[in-house]
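Contents: one structure, followed by commentary.
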Amino acid sequence: MDHPIAVIDFGSQYTQLIVRRIRELGYFSKLYQPEELRETGSPAAVILSGGPRSTREPGAPDIDFDYLVELGVPVLGVCYGMQLLNRKFGGEVAPGNTREYGPATLMIEAGVDSLFDGLQGHSQIWMSHSDTVSVLPEGCAVTGRNLDGVPVALKWNERFFGIQFHPEVSHTKEGVDILKNFLALAKDLPTFKIASFKDELVERVRAEVAGRKVVCGVSGGVDSSVLAALIHEAGVDTRNIFVDTGLLRENEAAEVQSLFAEVGIAIETIDASERFLTALKGVADPEEKRRIIGRLFVDVFFDAVGDDVELLAQGTLYPDVIESATSGSIASTIKTHHNRVDRIMELKKAGRVIEPLDALFKDEVRELGRVLGLPERVVGRHPFPGPGLAVRCPGEVTPEKLEIIRKADKIYIDILRQRHWYDSVWQAYAAIIPVKTVGVKGDERSYEYALSLRAVTSEDAMTAEWVHLPYELLAEASNRILNEVPGINRVLYDISTKPPASIEWE
Ligand code: XMP
């Protein structure tokens, strides 16, 4: 897509949200690293994100300012981005008196043209910074201050703006309006609609495939199903391989078969459950489990397709790409991603992997699935992790524990569906807690595992809130699980937000 709205990532945990907000406004936006500024082509506008570092530190991330000016488009610096711009224009930043984190009030300066048209005079904003601008360069106008009179919004000229707060987080009440006002300054804004983006993607798939034979791994999940449907739509010669890892949910393999049959896409199923369970025997470390599953998945997959693979298609989404690309710069623990194991990285380097969904967020992929005619049962499905039930089974994975998770999960999910909660939660599942506790069953002492139920709402899984499910629903799930699933004598409901917990247990 030409003229993206380029968001330059200085490592803030909120950067991805800027891209999302712009897309929600109906415009195409992409994230770039600071050194990729020239690769943005001819962007319609540039936003410099926040970041955890101080612009005063030696080696702090920088930007090619001359090129930024040369681009001739509107530029917005957010937090770190604003401080960086202030220095580039000849001003200074200094350590603030205190670290300012959380809600604050923006007082808009009267009589100055700014990004705040149509906002209230006092607007709630969200701050997260310690440095603050101390010296303003000549010609720079203050467009907003906090309640202490400290400048929190600047305008260096008609194209360069800065805000100390984060317009992308929902706690900044009028943040979206500020972004809208900023984008209104840009010319040739790239509009973004899934229906027209679909045609572009079909063309892209055809061009990238260039007559080669494609192999596509399908899992029955939303991403790979949409990928298979997209490739099918492109009329490309494909083999769709479904690997039964033995880490799937109750009856999942059969359901995936029937689902694909329904939409007229052929799939080949490989039952590799024995291989996976054997390889996982005795392994308790979460990252080690992921590595084993990831590698074996690739092995099984390539054993099945032989030397036939000219091109591998993967349902990698935009957040996965960003996580992998920025893992060095953002101070967060990132799990080994299924789609990024070594062997696939090698194939990728050799130009033999296509990832047509790599510009899309999850809800956009769902929308694309609908446009491609996939049934709601597929596009509305909760995400399921690549390593499957293994990440819901802390410690060693055994057939006994898997059986418990499967039975309990089925009961829980069925109840969520019956009580019309399934579609309003982002993800829900049962996980085993491999700790045995004492209980009473019948007249006898029992000594069995505990089970955790989880339901979260989320926006793209970056953060998550636990869902306030009705007690009656939880009671029904707990009663049925305790009565119907052998090996469990205790059920708990997980009330942890992400962060600090993650959505999965491992
Ligand atoms: P966490 O546990 O990191 O999960 O909060 C965030 C989302 O990602 C899913 N997930 C994965 N998906 N391969 C995947 O395809 C993986 O290795 C993986 N690990 C976690 C998880 O289900 C949740 O939706």
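The values are calculated or read from the model by the stated rules, or taken from the named source; none is laboratory data. Remember, it's a predicted structure, so these values are computed and weren't measured experimentally. Here the Cβ positions follow ideal geometry from the backbone for every residue, glycine too, while neighbour counts run over all protein chains shown. These area figures cover heavy atoms from the full protein model, side chains too; ligands, DNA and RNA do not enter into them. Shrake-Rupley method; radii C 1.70, N 1.55, O 1.52, S 1.80 Å.
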>> Residues to consider are Leu372, Leu296, Leu360, Leu312; find the one that is within 14 Å of the ligand (Cβ to nearest atom), modelled with pLDDT of 80 or more, crowded, with 17+ Cβ neighbours inside 10 Å and of a type in the set (A, V, I, L, M, F, W, C).
In response: Leu296
>> If I filter region 206-233 down to residues being within 18 Å of Leu311 (Cα to Cα) and touching an Asp or Glu at 6+ places or on another chain (Cβ under 8 Å), which single residue comes out as modelled with the lowest pLDDT?
In response: Lys213
>> So if I check each of Phe197, Phe192, Phe182, Phe260, which one is at pLDDT 95 or above and aromatic (Phe, Trp, Tyr)?
In response: Phe182
>> Considering only region 162-180, I want to know if a residue exists there that is assigned to a strand (DSSP E or B) and open to solvent by less than 60 Å² (accessible area, probe 1.4 Å).
In response: yes
> For region 430-444, what are the residues that are assigned to a strand (DSSP E or B) and either open to solvent by 70 Å² or more (accessible area, probe 1.4 Å) or among the charged types (D, E, K, R) (or both)?
Replying inline: Val435, Lys436, Val438, Val440, Lys441, Glu444
> Counting just the residues of region 455-495 that are part of a loop (DSSP other than H, G, I, E, B) and at pLDDT below 95, which one comes out nearest to the ligand (Cβ to nearest atom)?
Replying inline: Ala461
> Pairs under 9 Å by beta carbon, first residue touching a residue at least 40 places away in the same chain (Cβ under 8 Å) and more than 22 Å from Ile411 (Cβ to Cβ) in region 249-278, partner open to solvent by 50 Å² or more (accessible area, probe 1.4 Å) and assigned to a loop (DSSP other than H, G, I, E, B), six or more apart or different chains?
Replying inline: Phe260/Ala266; Val263/Gly373
>> With the structure loaded, tell me whether Gly96 is over 21 Å from Leu48 (Cα atoms) and either in contact with a Ser or Thr (Cβ under 8 Å, 6 or more places away or on another chain) or free of Cβ contacts under 8 Å to residues at least 60 places away in the same chain (or both) or whether it fails that test.
In response: no
>> Just checking, does region 241-255 include any residue being more than 16 Å from the ligand (Cβ to nearest atom), under 24 Å from Leu372 (Cβ atoms) and open to solvent by 30 Å² or more (accessible area, probe 1.4 Å)?
In response: yes
> Among the candidates Gly221, Gly149, which residue alone is open to solvent by 10 Å² or more (accessible area, probe 1.4 Å) and at positive phi?
Replying inline: Gly149
